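Inspection log for the structure reproduced underneath, given as structure tokens.
The values are calculated or read from the model by the stated rules, or taken from the named source; none is laboratory data. Every value quoted in this text rests on a predicted model; they were computed, and no experiment measured them. FYI the Cβ positions are ideal-geometry reconstructions off the backbone, even for glycines, and counts take in every protein chain you see. The accessibility values were calculated without ligands, DNA or RNA, using every heavy atom of the protein model including side chains. Shrake-Rupley method; radii C 1.70, N 1.55, O 1.52, S 1.80 Å.
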Amino acid sequence: MPVVNYTNNHNTALIEFVASQYNPNSELHELCAGTFQSLLGQPGLAPEQNCLLLEIDGRIKGLALVFREFPISRSVIEVMAAPELSGGPEELELLQKTAAIAEAEHLKVIHVCVMPDSRRIKLLEKLGFTRVRTYLDMLWDQDTLPEMDILESYSLRSFKAGDTALLTKLQNDSFTGSWGFCPNTEDQIEYRTHMPNTSRAGIVFLFEGERPAGYCWTVLVPTDNGIRGIIGMIGVVPDFQGKGVSRHILHAGMRHLHSIGIKEVGLEVDGNNDPAIRLYTSTGFKKIGERHWFERDLPGI
């Protein structure tokens, strides 16, 4: 059978497969390879148990990862397959076996995110998944940055050593209860701040006096046009929500990306989050695509 468990012996070939799916450009290849290598090592993943490979004639042609989120009782599956196998029986087998790993954890739900034109959708529907959420891909690529409002009594600064507990609390306070968000531990946050696609300068905090109001966490990703900056997270703690600080935080993240030579800024936003969509649209972001989340409940667990 072509689906096998990941072992350390697969590491080099797997990273090369993942990097090859994006762009052969050496700079982009290095970013993609380094980021995926870090992804495999993140706390709690255990790739030997939660990573399956699609191996044909001794070559890796696909992979699937199971991310277990025990606090909210769900597993998230991420899948990648060579284009010639998309929607085929080999990919179906990969999905079936990955879903079985997720089911074995006795959590309540499995989620998978796919592009709207993906052949994978029919496979997911065959396995009992249904579409439950749409996220919008948005892009800003203008020549001039938006003017950043000066908020009286507020200040900005980047992440520094010792800020892990602060960032963890801000992220959990801002997003707990939001669809699909699993509260993070300090170990998880600390690890992610050291991944190759992020930098401490790219994590910006907003304070009112000494009180933390929110943050913007930017990352870098490879695209066909080169390296793109991504607004990964914009969090505003409950006491400051509805006060207009999100725009200030967004602009701060964009200015950091611009300062390191990034011309394109992307983000994803929940299609149900009208206030966020209005903020991004008014800043100059335009919708360039969608991502669909599919769900399978695990009844009786």
Tell me yes or no: at least one residue of region 60-81 is without any contact (Cβ under 8 Å) to a residue 24 or more places away in the chain and among the acidic types (Asp, Glu). no
Considering only residues that are open to solvent by less than 20 Å² (accessible area, probe 1.4 Å) and hydrophobic (A, V, I, L, M, F, W, C), which ones fall in region 195-216? Ile203, Val204, Phe205, Leu206, Ala213, Cys216
Only one of Ala46, Ala100, Ala82 is at pLDDT 90 or above and under 25 Å from Thr185 (Cα atoms); which? Ala46
Within region 190-301, considering only strands (runs of 3 or more DSSP E) that don't extend past its boundaries, which have at least 2 residues that are modelled with pLDDT under 95? 211-223, 226-236
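I want to confirm something. Restricting to region 179-193 and keeping residues that are touching a residue at least 24 places away in the same chain (Cβ under 8 Å), on the phi < 0 side of the Ramachandran plot and not hydrophobic (A, V, I, L, M, F, W, C), which single residue is most open to solvent (accessible area, probe 1.4 Å)?
Here is the first cut: in region 179-193, the residues touching a residue at least 24 places away in the same chain (Cβ under 8 Å) are 179-183, 185, 187-193.
If we keep only those that are on the phi < 0 side of the Ramachandran plot as well, we get 179, 181-183, 185, 187-193.
Remaining after also requiring not hydrophobic (A, V, I, L, M, F, W, C): 183, 185, 187-188, 190-193.
Working: Pro183: 45, Thr185: 70, Asp187: 115, Gln188: 48, Glu190: 66, Tyr191: 68, Arg192: 71, Thr193: 7 Å².
Of everything passing the filter in region 179-193, Asp187 is most open to solvent (accessible area, probe 1.4 Å).
Please determine, by comparing only the residues of region 110-158 that are of a type in the set (Ser, Thr, Tyr) and more than 30 Å from Asp297 (Cα to Cα), which one is most open to solvent (accessible area, probe 1.4 Å). Before the answer, list the steps.
Taking region 110-158 first, the residues of a type in the set (Ser, Thr, Tyr) are 118, 130, 134-135, 144, 153-155, 158.
In the following step, the residues that additionally are more than 30 Å from Asp297 (Cα to Cα) were identified as 144, 153-155, 158.
Values: Thr144: 100, Ser153: 71, Tyr154: 50, Ser155: 56, Ser158: 49 Å².
Among residues in region 110-158 that are of a type in the set (Ser, Thr, Tyr) and more than 30 Å from Asp297 (Cα to Cα), the one most open to solvent (accessible area, probe 1.4 Å) is Thr144.
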